[in-house]
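J.: After the structure tokens below, expect a handful of questions from me.
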Amino acid sequence: KQEVTQIPAALSVPEGENLVLNCSFTDSAIYNLQWFRQDPGKGLTSLLLIQSSQREQTSGRLNASLDKSSGRSTLYIAASQPGDSATYLCAVNNNDMRFGAGTRLTVKP
Amino acid sequence: DTAVSQTPKYLVTQMGNDKSIKCEQNLGHDTMYWYKQDSKKFLKIMFSYNNKELIINETVPNRFSPKSPDKAHLNLHINSLELGDSAVYFCASSQTSGSSYEQYFGPGTRLTVT
């Protein structure tokens, strides 16, 4: 059964820092991996989707990488801003979607 | 121009009642899902529907039943509500043919059972 782990559980950084969020999964036979953002009391916003055949995806200040063989993905956020404060969720899709517990990010002005 | 919408946004009800949550997507996707997010914020899939067929059914109580009147709707019916059913329920959709599988989520329905 697929298990998804996200480290760290919480992260607090000053504005302007570059940061990396980690996601690991136990079953490498995946269709894709998706990173989401969730603001308090809100739904999920899709940030990046990486297909199993891809190594990385970029959108603006966000870059997500995928190493399927080692069961890892990272989400890199460049030049962090207070508006980036949210919970970031990693989800792995191999016939059904399994979510990690999330990383709660706080970017201090 | 809402892609995935849910109603109601908040639902407060008493134990033992039967309730429904509605979900609609206007993305033309072929698969819809229901997720439960518990008090610890952990998201877990409950159901998915593809072309009116249930293709995933996690070990949820049979008090929960998804109903899909058409491809754009997947409603969640809950019978005999219990305190432990209190959570936020999210609907999502994706296009699984063509292997995109990117999921789009609704805003969530916060269910409180008293």
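J.: Which of the residues that make up segment B:56-114 are under 14 Å from B:E24 (Cβ atoms), open to solvent by 50 Å² or more (accessible area, probe 1.4 Å), within 14 Å of chain A (Cβ to nearest Cβ) and outside any strand (DSSP E or B)?
T.: Matches in segment B:56-114: B:P107 only.
J.: Here's a follow-up. Open to solvent by 80 Å² or more (accessible area, probe 1.4 Å) and closer than 24 Å to A:A91 by Cα: which single residue out of B:K52, B:K44, B:K36 fits that description?
T.: B:K44
J.: Now for a separate question. Within segment B:7-26, identify whether any single residue is under 18 Å from B:Y101 (Cβ atoms), loosely packed, with under 13 Cβ neighbours inside 10 Å and out of contact with any Asp or Glu (no Cβ under 7 Å at 6 or more places or on another chain), and answer yes or no.
T.: Among the residues of segment B:7-26, not one is under 18 Å from B:Y101 (Cβ atoms), loosely packed, with under 13 Cβ neighbours inside 10 Å and out of contact with any Asp or Glu (no Cβ under 7 Å at 6 or more places or on another chain), which makes the answer no.
J.: So B:P69 ticks every box in (1) under 19 Å from A:D96 (Cα atoms); (2) at pLDDT below 95 but one. Which box is left unticked?
T.: Status for B:P69: all satisfied but (1).
J.: For A:L89, indicate whether it is within 20 Å of B:F42 (Cβ to Cβ) and surrounded by 15 or more Cβ atoms within 10 Å (Cβ to Cβ).
T.: When the stated conditions are applied, A:L89 passes them.
J.: For segment A:66-109, name all the residues that are more than 9 Å from every other protein chain (Cβ to nearest Cβ), part of a strand (DSSP E or B) and in contact with a Phe, Trp or Tyr (Cβ under 7 Å, 6 or more places away or on another chain).
T.: Within segment A:66-109, A:L75, A:Y88, A:C90, A:V92, A:T103, A:L105 meet the criteria.
The values are calculated or read from the model by the stated rules, or taken from the named source; none is laboratory data. Quantities reported herein were computed from a predicted structural model and do not represent experimental measurements. Positions of Cβ are generated from backbone atoms using ideal geometry, with glycine treated the same way; all protein chains shown enter the neighbour counts. For the accessible areas, the whole protein counts, side chains as well, though only heavy atoms, and no ligand, DNA or RNA atoms are used. Shrake-Rupley method; radii C 1.70, N 1.55, O 1.52, S 1.80 Å.
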